[in-house]
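Asks: Take a look at the following structure, please.
The values are calculated or read from the model by the stated rules, or taken from the named source; none is laboratory data. Note that this is a predicted model, so its numbers are computed, not measured. Neighbour counts are summed over all protein chains in view; Cβ atoms, including those assigned to glycine, are modelled from backbone coordinates with ideal geometry. Heavy atoms of the whole protein, side chains included, go into the accessibility calculation; ligands, DNA and RNA do not. Shrake-Rupley method; radii C 1.70, N 1.55, O 1.52, S 1.80 Å.
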Amino acid sequence: MRENMDVLTNNYLKFCYTCDEAHQCQNERDCIACWQEKGLLLQAEVEQETTEAFLREYAL
């Protein structure tokens, strides 16, 4: 989980800090969708995060 938060934090700093539309993103899903639309995020990264989240939920 810590690694996932580090990735999100780094992406926020890289992609959102200079974005003129950053105020429109209200949550992580909005940000990830925005990054994908702009081609800033690889599909493999999104799939990995989703798979990890499902596995964590299953383990609980």
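Asks: List, please: which pairs have Cβ atoms under 7 Å, are six or more places apart or on different chains, and start with a residue in region 4-25 that is in contact (Cβ under 8 Å) with a residue 40 or more places away in the chain and end with one that is exposed (fewer than 14 other Cβ atoms within 10 Å of the Cβ)?
Replies: These pairs meet every condition: Asn4/Glu52.
Asks: Test Thr51 against the criterion of being open to solvent by 80 Å² or more (accessible area, probe 1.4 Å), among the hydroxyl-bearing types (Ser, Thr, Tyr) and either over 11 Å from the mean Cα position of the chain (by Cα) or at pLDDT 85 or above (or both), and give yes or no. First the steps, then the outcome.
Replies: On the way: open to solvent by 80 Å² or more (accessible area, probe 1.4 Å): no; among the hydroxyl-bearing types (Ser, Thr, Tyr): yes; either over 11 Å from the mean Cα position of the chain (by Cα) or at pLDDT 85 or above (or both): yes.
Here the answer is no, as Thr51 does not meet what is asked.
Asks: Let me ask another. Of the conditions (1) modelled with pLDDT of 85 or more; (2) not in a helix (DSSP H, G or I), Leu41 satisfies every one except a single condition; which number is it?
Replies: (1)
Asks: Considering only residues that are open to solvent by 40 Å² or more (accessible area, probe 1.4 Å) and either of a type in the set (Phe, Trp, Tyr) or touching a helix residue (DSSP H, G or I) at 6+ places or on another chain (Cβ under 9 Å) (or both), which ones fall in region 23-41?
Replies: Residues satisfying the conditions are Gln24, Glu28, Asp30, Gln36, Lys38, Leu40.
Asks: For region 1-22, how many residues meet the condition of being part of a helix (DSSP H, G or I), open to solvent by 60 Å² or more (accessible area, probe 1.4 Å) and at pLDDT below 75? First the steps, then the outcome.
Replies: Initially, region 1-22 is screened for residues part of a helix (DSSP H, G or I), giving 2-16, 22.
Now narrow it down to the ones that are open to solvent by 60 Å² or more (accessible area, probe 1.4 Å): 2-3, 5-6, 9-10, 12-14.
Going one step further and asking which of them are at pLDDT below 75, we end up with 2-3, 5.
Count: 3.
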